[in-house]
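Nothing in this text is a laboratory measurement; each read-out follows from the coordinates by a stated rule. The shown structure was predicted, so the numbers you read here are calculated from the model rather than taken from an experiment. Glycine gets a Cβ as well: all are built from the backbone with ideal geometry, and neighbour counts include every protein chain shown.
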Amino acid sequence: MTPVIALVGRPNVGKSTLFNQMTRSRDALVADFPGLTRDRKYGDGDYEGRRFIVIDTGGLTGEEEGLDAEMARQSMQAVEEADIVLFLVDGRAGLTAGDEIIADHLRRSGKPAHLVVNKTDGQDPEVAAADFYGLGFDSVYMIAAAHNRGIRSMLELLLPEMDEAEEDRADRYPGIRIGVVGRPNVGKSTLVNRLLGEERVVVYDMPGTTRDSVYIPYERQGQDYTLIDTAGVRRRKNVKEVVEKFSIIKTLKAIEDAHVVILVIDAREGLVDQDLHLIGFVLDSGRSLVIAVNKWDGMDPEERASVKEQVRRRLDFLDYADKHYISALHGSGVGLLYDSIQDCYESAMAKWPTNRLTAILQDAVAQHQPPMVHGRRIKLRFAHQGGSNPPVIVVHGNQTEALGGDYKRYLENTFRKVLKVKGSPIRFEFRSGE
Ligand code: GDP
Ligand code: GDP
C-alpha cells in the first residue's frame with residue numbers, strides 16, 4: 001500500500017523544486033479544501049514501479065507564533081500523517097535558527113525524519129552538509145533538486161522504508177479493499193455503517209492508529225472485504241469534528257490503497273467542484289470507481305430529475321463507472337453497490353492471455369484500419385497485458401507514436417466491450433519496434 005512522503009523545511013530551501021522532480025510523471029494535484037491551506041500540494045510519484053504520495057507542506061518558518069502558527073500546525077499534521085519525513089535545508093545558506101527550531105519540532109513529534117541538504121551544486125557536498133551534522137539526524141542526503149542530482153539515489157535508499165510501510169498493511173487487510181471517499185458531511189460514515197450492517201458481517205478486531213484511515217476487514221457472503229473508512233467512524237466521538245476529520249492525505253491514501261473507490265456525493269447539494277477534484281484524484285490513480293449519489297430519500301421528483309441530469313451532463317466522461325442513487329440513512333440502493341464492487345474488482349484484477357488480446361486487436365484493426373502516416377499505414381501487430389488494477393494493455397506495432405486520440409478511444413471502447421471491463425479504467429501503452 002502506498003507510502004506518504006512529507007517535505008518540510010523553511011521557505012526557499014527548495015521544497016517545491018524537489019516536489020516537482022519527485023512527481024514529474026504527473027501534474028501536481030493542488031487542492032482547495034475547507035480547513036486546508038491552498039498552498040499545500042499533493043502529488044503522485046513513481047520510482048522504479050514503486051508508487052508513493054508526496055506532500056509539500058508549504059513551509060515551516062520555525063517561528064511558531066503569530067500568522068505562521070496555523071500553517072505550522074498544518075505542516076505538523078502532514079508530518080503526523082506521513083510515513084517518511086524529509087527535512088530540507090539549504091546547503092548554501094548554511095544552518096539557521098529556523099532549521100534548529102524545526103529539527104526540534106520533528107524530534108518532539110517522534111517521527112523518524114531524514115535530513116536532506118539541498119543546493120549542493122557548485123560546492124563539495126560533504127562541506128555543504130558539514131554544517132548540519134550537529135542537528136543529530138541519523139541519515140543525511142545531499143542533493144541538488146534544481147539539477148535533479150542525488151534524488152534517485154535518495155529514493156533508492158528510502159525504498160526499504162517504503163516497502164515496510166507497504167507490507168505493514170498489505171498483509172493485514174485481505175480481500176476486496178473498498179475506499180469510501182467524499183467531502184465532509186456527504187454521508188460517508190453513515191454509508192460505512194450501512195455497508196457493514198447490510199448483511200450479517202463479521203468484523204474482526206483491528207488495531208488502528210490515529211493518523212490513518214480506519215481499515216475494517218470483514219466477511220460478507222463468504223467474500224473477504226476491507227473497508228477503508230476515511231471518516232474514521234469507529235473513533236468518532238462527536239459530530240463537531242467535521243473539518244478535522246477530513247484529510248486529503250487520508251483520502252489520497254485510501255484511493256491508492258483501494259481496489260474499488262466509492263465516491264459519495266450529496267444529492268441535496270448536487271455535484272460541486274470538490275467532488276470533481278476528488279474524481280480527478282481517482283482517475284489519476286487508475287482505481288475502479290463507483291459513484292454513490294447519497295441522501296436520495298425525501299427528494300421530490302423534480303429535484304431528482306435535475307440531479308440526474310447534472311450527473312449525466314458533468315460526468316459523461318465517466319461512462320464506464322456505475323452510478324447509484326442511494327440513501328445511506330435508510331439503506332435503499334446500498335445492496336446494489338456490492339454488485340458494482342464485485343464487477344469492478346473482477347475487471348481491475350482480470351488476467352487475459354496474449355492470444356486473446358491479440359485476437360481482439362486484430363479484429364478491431366480489420367473492422368477499422370488505423371490511419372496512414374507519411375504514406376505508410378500504422379501497423380498494430382499484437383497485444384499483451386502489462387499490469388492489473390488498473391489493467392494495462394500493451395500494444396506493439398509500427399509508428400504507434402503517430403496514433404491519434406480518436407483511434408485510441410476506438411481501441412479502448414472495443415477492448416472494454418469485448419472483455420466486459422466494468423468500473424475500471426484501462427490503460428494503454430503503445431510500443432513501436434522496427
Ligand atoms: P521552497 O520555498 O522550499 O518550496 O523552495 P523553492 O523550490 O521554491 O526554491 C527556492 C529557490 O531555490 C528557487 O529559486 C530555486 O530555483 C532554488 N533552488 C532549488 N533547488 C536548488 C538547487 O538544487 N540548487 C540551487 N542552486 N538552487 C536551487
Ligand atoms: P461524513 O462526514 O461524510 O461521514 O457524513 P455523515 O455520515 O456523518 O453524515 C452527515 C449527515 O448527513 C448526518 O447528519 C447524517 O445523518 C446525514 N445523512 C447521511 N446519509 C444520509 C441519507 O442517506 N439521507 C439523509 N437524509 N441524511 C443522511
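Label-to-label distance, Met349 versus Val392, with points set 7 angstrom from Cα along the beta-carbon direction: 2.0 nm. Phi angles across segment 375-380 convert, under the Karplus curve 6.51 cos²θ - 1.76 cosθ + 1.60 with θ = phi - 60°, into 3J(HN,Hα) values of x, 10, 6, 5, 10, 10 Hz, Gly and Pro given as x.
One Cα centroid belongs to segment 391-407, the other to segment 79-149; the line between them spans 44 Å. Per-residue 3J(HN,Hα) values for segment 251-257, derived from phi via the Karplus relation 6.51 cos²θ - 1.76 cosθ + 1.60 with θ = phi - 60°, read 5, 4, 5, 4, 5, 4, 6 Hz in sequence order (x marks Gly and Pro). Once backbone amide H atoms are built at 1.01 Å from N, Val261 has Gly179, Ser288, Leu289, Val290 as its partners under 5 Å, excluding neighbours fewer than 5 places away on the same chain.
Shown here for segment 305-372: chymotrypsin sites (Phe, Trp or Tyr not before Pro) in loop regions (DSSP other than H, G, I, E, B) with at most 15 other Cβ atoms within 10 Å, of which there are none.
With 27 Å as the limit on Cα-Cα distance, the pairs of Lys379/Lys420; Lys111/Lys188; Lys119/Lys253; Lys250/Lys408; Lys188/Lys253; Lys379/Lys417 that go past it are Lys111/Lys188; Lys119/Lys253; Lys250/Lys408.
Is segment 110-149 best put as rounded, prolate or oblate by its Cα gyration tensor, with a ≥ b ≥ c the root eigenvalues, rounded for a/c under 1.5, and otherwise prolate when a/b is larger than b/c, oblate when not? It is oblate, given that a/c is not under 1.5 and a/b is not larger than b/c. What fraction, in whole percent, of alpha-carbon pairs in segment 252-408 exceed 18 Å separation? Looking at segment 252-408, the distances longer than 18 Å represent 67 percent of pairs. The H on the amide N of Asn294, modeled in the peptide plane, is under 5 Å from the matching H of Ile265, Asp266, Ala267, Ile326, each at least 5 residues off or on a different chain. Across segment 218-228, rounded Karplus estimates of 3J(HN,Hα) from the backbone phi angles (6.51 cos²θ - 1.76 cosθ + 1.60, θ = phi - 60°) give 7, 10, 9, 6, x, 10, 7, 9, 10, 8, 9 Hz, Gly and Pro being marked x.
The listed peptides 81-92, 261-272, ordered by packing as a protection proxy, come out as 81-92, 261-272 (highest mean of other Cβ atoms within 10 Å first).
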